[in-house]
Amino acid sequence: MKGPLASLKIIDFSTLLPGPFASLLLADMGAEVLRVESPTRMDLIRVLPPHDGGVSASHAYLNRNKRSIALDLKRPEALEVVRQLVREYDIVLEQFRPGVMERLGIGYEALKAINPGLIYVAITGYGQTGPYRERAGHDINYLALAGVASYTGRRDTGPLPLGVQLADIAGGSLHGVMGLLAAVIHRQQTGEGQLVDVSMTDCAFSLNGMAGAGYLACGVEPQMEALALNGGSFYDYYRTRDGRWFSVGSLEPQFMQQLCAAIGRPELAARGLSPKAEEQRALKREIAIEFERRDFAELCECFAAVDACVEPMLPFAEALEHPQIKARGLVTDVPRGDAGSQRQMACPIRFSAGLPAPRHIGAALGAHTEEVLQELGYSAEQVATLKADGVIG
């Protein structure tokens, strides 16, 4: 089994999270992904704790199913290897700041001259244009500038530092994959490659969704705890008597009725539709009282057979054991390359034709350098010379 993207061959110059998560999805779906890494400037994900057998668990996951070649891109011999690679690998994914690849001589225009059908995906914080194009940033900065953080949090404590990297993954990774695959379809229809400019800030801005649409069309500025879905209604988290939490999303009347009946307060159901902020706050207090009267286990039993959009908040260890997560096969065993395997999160996309089994965890730095060079036609003597000269690692 090869997977639906088995025809794609991708050179991945990215590091950290956004690009590697994007190429992980592509590799899981069958694409051949070759990571180009510096032999002297390590991807920091490789040393990020915790470690399993001396290998970063994050690196082992984000870079599974990919090969690694170590090239010093400051050396002309290494750049020549890249130029040869793009004759065969006709998709490039990179995550440098704008202008870096151009200064190295392997930017889009230079590589397009070698392979006119090249698809070149550049993931950056702020995009290839604009006054911030060369500015440094991280996930929290992109969410702040894009307006997302301004109404995500509590009035008395401020914006929330999210546990997942929303701009990195939903912005850079997922939009990067969408842009790449859209360019592939365009190339199949026209024969033309193109540059795909993915800005994590742009993508985070688009995630404003309903709140952004409301402001642009009606001038309603979204505020913390002021919208139906950000704490301004009973749609929220509620603490149990023993200090755990439940999520309540019973927005529709039929779900609200079941929620209120389950907690023994059916008279509260009619108040769920009130648009008045003070009435929503009062309703939240009533619901909170009922949840705080019961332990977590009691509430789990209470809502197990009730279709009310009410679910327990689970720590990751418990989420792994949830019957829905297990039934969907979201954990897989990935060969380590030595003896045994490592448990990892599986590809979340399901195909009726299936996907290939995971081949290996993230490879050691430059693990496939000699193999790839030999595929390009380099002799053993040439490889040895490049290694001795520090061009490859």
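Name the one entry in Asp168, Asp202, Asp197 that is of a type outside the set (Gly, Ala, Ser), under 18 Å from Lys112 (Cα atoms) and within 18 Å of the chain's Cα centre (by Cα). Even if it seems obvious, please write down each step before you answer.
Values: Asp168 fails: under 18 Å from Lys112 (Cα atoms); Asp202 fails: under 18 Å from Lys112 (Cα atoms).
Every option except Asp197 fails the conditions.
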If I filter region 20-36 for residues that are farther than 19 Å from Arg359 by Cβ, in the same structural domain as Met178 (by TED's automatic domain parsing) and not aliphatic (A, V, I, L, M), do I get at least one hit? no
Filter region 244-295 for residues that are of a type in the set (D, E, K, R) and outside any helix (DSSP H, G or I); the one that is surrounded by the fewest Cβ atoms within 10 Å (Cβ to Cβ) is Lys276
List, please: which pairs have Cβ atoms under 7 Å, are six or more places apart or on different chains, and start with a residue in region 350-379 that is farther than 22 Å from Gly30 by Cβ and end with one that is surrounded by fewer than 17 Cβ atoms within 10 Å (Cβ to Cβ) and of a type in the set (Ser, Thr, Tyr)? none
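Just checking, does region 384-393 include any residue being touching a Gly at 6+ places or on another chain (Cβ under 6 Å) and modelled with pLDDT under 95? Working first, answer last.
Step one: list which residues in region 384-393 are touching a Gly at 6+ places or on another chain (Cβ under 6 Å), which gives 393.
Remaining after also requiring modelled with pLDDT under 95: 393.
Yes, region 384-393 contains a residue that is touching a Gly at 6+ places or on another chain (Cβ under 6 Å) and modelled with pLDDT under 95.
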Sort out which residues of region 115-143 are within 24 Å of Pro161 (Cα to Cα) and surrounded by 18 or more Cβ atoms within 10 Å (Cβ to Cβ), and write them in order of number. Ile123, Thr124, Gly125, Tyr126, Gly127, Asp139, Asn141, Tyr142, Leu143
Select from region 298-329 the residues that are within 26 Å of the chain's Cα centre (by Cα) and in a loop (DSSP other than H, G, I, E, B) and write down the one among them that is nearest to Thr240 (Cα to Cα). Met313
Here the residues within region 216-255 that are assigned by TED's automatic domain parsing to the domain that holds Phe296, aliphatic (A, V, I, L, M) and over 16 Å from Arg271 (Cβ atoms) are none
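For Arg241, indicate whether it is surrounded by fewer than 18 Cβ atoms within 10 Å (Cβ to Cβ), farther than 30 Å from Pro348 by Cβ and out of contact with any strand residue (DSSP E or B) (no Cβ under 9 Å at 6 or more places or on another chain). Break it down into steps so the answer makes sense when it comes.
Numbers: surrounded by fewer than 18 Cβ atoms within 10 Å (Cβ to Cβ): yes; farther than 30 Å from Pro348 by Cβ: yes; out of contact with any strand residue (DSSP E or B) (no Cβ under 9 Å at 6 or more places or on another chain): yes.
Yes.
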For region 182-221, name all the residues that are without any contact (Cβ under 8 Å) to a residue 60 or more places away in the chain, under 26 Å from Asp28 (Cα atoms) and of a type outside the set (S, T, N, Q). Ala182, Ile185, His186, Cys203
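Go through the residues of region 73-91 one by one and say whether even a single one is part of a loop (DSSP other than H, G, I, E, B) and touching a Phe, Trp or Tyr at 6+ places or on another chain (Cβ under 8 Å).
No, there is no match, as no residue in region 73-91 is part of a loop (DSSP other than H, G, I, E, B) and touching a Phe, Trp or Tyr at 6+ places or on another chain (Cβ under 8 Å).
Kindly indicate the residue of region 35-51 that is assigned to a helix (DSSP H, G or I) and in contact with a helix residue (DSSP H, G or I) (Cβ under 7 Å, 6 or more places away or on another chain) and also nearest to Thr369 (Cα to Cα) among those meeting that condition.
Filtering region 35-51 down to residues assigned to a helix (DSSP H, G or I) leaves 44-47.
Those left that are additionally in contact with a helix residue (DSSP H, G or I) (Cβ under 7 Å, 6 or more places away or on another chain): 45-46.
On the way: Ile45: 20, Arg46: 18 Å.
This residue is Arg46.
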So Glu321 fits all but one of (1) touching a strand residue (DSSP E or B) at 6+ places or on another chain (Cβ under 8 Å); (2) loosely packed, with under 14 Cβ neighbours inside 10 Å; (3) not β-branched (Val, Ile, Thr); what number is the exception? (1)
Any residue in region 55-71 that is assigned to a helix (DSSP H, G or I), of a type in the set (Lys, Arg), in contact with a helix residue (DSSP H, G or I) (Cβ under 7 Å, 6 or more places away or on another chain) and at pLDDT 95 or above? no
Take region 59-83 and flag every residue that is within 15 Å of Leu365 (Cα to Cα), surrounded by fewer than 22 Cβ atoms within 10 Å (Cβ to Cβ) and of a type in the set (D, E, K, R). Arg67, Asp72
Among the residues of region 300-349, how many are touching a residue at least 60 places away in the same chain (Cβ under 8 Å) and of a type in the set (Val, Ile, Thr)? 3
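Have a look at Ala167, Ala211 and point out the one that is outside the structural domain of Cys347 (by TED's automatic domain parsing), modelled with pLDDT of 95 or more and surrounded by 15 or more Cβ atoms within 10 Å (Cβ to Cβ). Working first, answer last.
On the way: Ala167 fails: outside the structural domain of Cys347 (by TED's automatic domain parsing).
Answer to the check: Ala211.
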Checking the conditions here, which among Val55, Val47, Val86 is surrounded by fewer than 19 Cβ atoms within 10 Å (Cβ to Cβ), of a type outside the set (Gly, Ala, Ser), out of contact with any Lys or Arg (no Cβ under 6 Å at 6 or more places or on another chain) and in contact (Cβ under 8 Å) with a residue 24 or more places away in the chain? Val55
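Quick grid of which residues meet (1) out of contact with any Pro (no Cβ under 7 Å at 6 or more places or on another chain); (2) closer than 21 Å to Ala170 by Cβ; (3) not aliphatic (A, V, I, L, M):
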position	(1), (2), (3)
Leu8	yes, no, no
Pro39	yes, no, yes
Asp43	yes, no, yes
Val47	yes, no, no
Val55	yes, no, no
Asn65	no, no, yes
Pro76	yes, no, yes
Arg83	yes, no, yes
Every listed condition ((1) farther than 28 Å from Thr129 by Cα; (2) in a helix (DSSP H, G or I); (3) small (Gly, Ala, Ser)) holds for Gly231 save (2)
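The values are calculated or read from the model by the stated rules, or taken from the named source; none is laboratory data. Note that the structure is predicted; figures quoted are calculated from it, not measured. When we count neighbours, we look across all protein chains shown, and the Cβ atoms used for this are built from the backbone with ideal geometry, even at glycine.
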